[in-house]
1. Let's test this: bin the Cα-Cα distances of region 236-351 at 10 Å from zero up to the farthest pair and state each bin's percent.
2. Given springs between every Cα pair under 10 Å in a Gaussian network model of the chain, which of Pro227, Pro282, Pro140 has the largest fluctuation?
3. Rank the residues Leu255, Leu303 as a footprinting-exposure proxy: fewest other Cβ atoms within 10 Å of their Cβ go first.
4. Using alpha-carbon pairs under 8 Å, 6+ residues apart, how would you state the relative contact order of the chain in percent?
5. Please list the three semi-axes, largest first and in whole Å, of the ellipsoid equivalent to region 9-52, using sqrt of 5 times the eigenvalues of its alpha carbon gyration tensor.
6. Around Val18, what is the net charge, scoring Lys/Arg as +1 and Asp/Glu as -1 over all other residues with Cβ under 10 Å from its Cβ?
7. Can you tell which of Gln46, Gln128, Gln210 shows the greatest fluctuation in a Gaussian network model of the chain with Cα springs below 10 Å?
8. Among the chymotrypsin sites (Phe, Trp or Tyr not before Pro) in region 280-329, which ones are in a DSSP loop with at most 12 other Cβ atoms within 10 Å of the Cβ? Mind listing them?
Amino acid sequence: MIKKEKIDSADIARLAGVSRATVSRVINKKGVVTPETTEKVMKVIQRYAYTPNLQAQVLAGKHSNTIGLFFTTYSKDIHINFEDSHMDFIIRMVINAASINDYYVLVKTIADPNAPIAQLQIRDMFVQNRIDAGIFINFPNYCGMIEELIASGYIVGLFDHNLSGRNEPNRIIVNMNDKAIVDAVDYLASLGHKRVMCLHGDLDRQNGKQKHDAFRRGAEKHGFYSPPEWQLFTHFSGWSSREVMSRFLKKTRELPTAICCANDAIAFGVMDILKEHGIRIPQDISVTGADDIALSRFVTPALTTSRVDFYNIFHTLTKKVIDYLEKPFEKPCCTTFSSEFVARDSCCRIH
């Protein structure tokens, strides 16, 4: 392989016997170039180990073909959240969808989305054109920094988000509905449960409030006994639900016959603590989750939950962000996904 220092696209064009514009089209995969010409240009590029000057392209206003993926953990110990393996799955789905469309993903996990230093770092990635767009996961429904980015015209993809009256086309949204909790509550009622606890997610998250409200409606509909002290709140994670459930069991003797959890990660934490206290599942307490993540069918007992097509959710969100980069939308873009109830072994009938 021959390598020439500081070789540029003009040199590649001259050596390949084509125009500089043709070289650009080959590199950026834009426009029409015959297979023969593409092969000729690529041979020269490979021979001289040429790489485009990405910094110059960014300064010239061109895309970096990079999407930022920002994921909050709500934990000072950032490693603890990786117990919830669903995070890894989501990251891989976004990277996969971006890669299929010839985009890269820059991933940043954040302990506290409201921390000034974290918000400054994210803003800098946009302002310095290190990324073309950002996808935000696990962020509060309202985040001033995100609103500033959208108002400035930056492209933002959001999972689990709904702000009334905010319908800018560069605010690209993918949501879930509340069917998972509706189905779980109806199922527990059909098994004869009347004493039902709920472990909710963050109420400042769209889906957290959505599921919280769905549980309250269902509890009223079925006449559940579910006092305020049985309404516990977590960060949609296993480590958080373990802490919350441990505190609850230390200070009370009154137990429910069933626990409805806002997602599977919460349910896993609840099941761990119940087992530590010698409480049998489902003979003593039934447990439901929501999401049907990969581990849900393999825990013991297998978790009753609702299946959500997260593959489609995050491929859709990533693809729509890329579609906007390629050709901006004129209308708001919001897609909502539902769920399918899955009854397994973690629930039983009250006798």
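1. Histogramming region 236-351 at 10 Å steps yields 13, 37, 24, 14, 9, 3 percent.
2. So, out of Pro227, Pro282, Pro140, the one fluctuating most is Pro227.
3. Going from sparsest to densest Cβ surroundings: Leu255, Leu303.
4. Across the chain, relative contact order equals 17 percent.
5. They are 14, 10, 10 Å, listed largest first.
6. Taking every other residue near Val18 into account, the sum is +4.
7. With Cα springs under 10 Å in the chain, the top fluctuation among Gln46, Gln128, Gln210 is at Gln46.
8. Phe298
Since every read-out is calculated from the coordinates, none of them should be taken as a lab result. Every value quoted in this text rests on a predicted model; they were computed, and no experiment measured them. Every residue, glycine among them, receives a Cβ derived from its backbone with ideal geometry; neighbour counts consider all protein chains shown.
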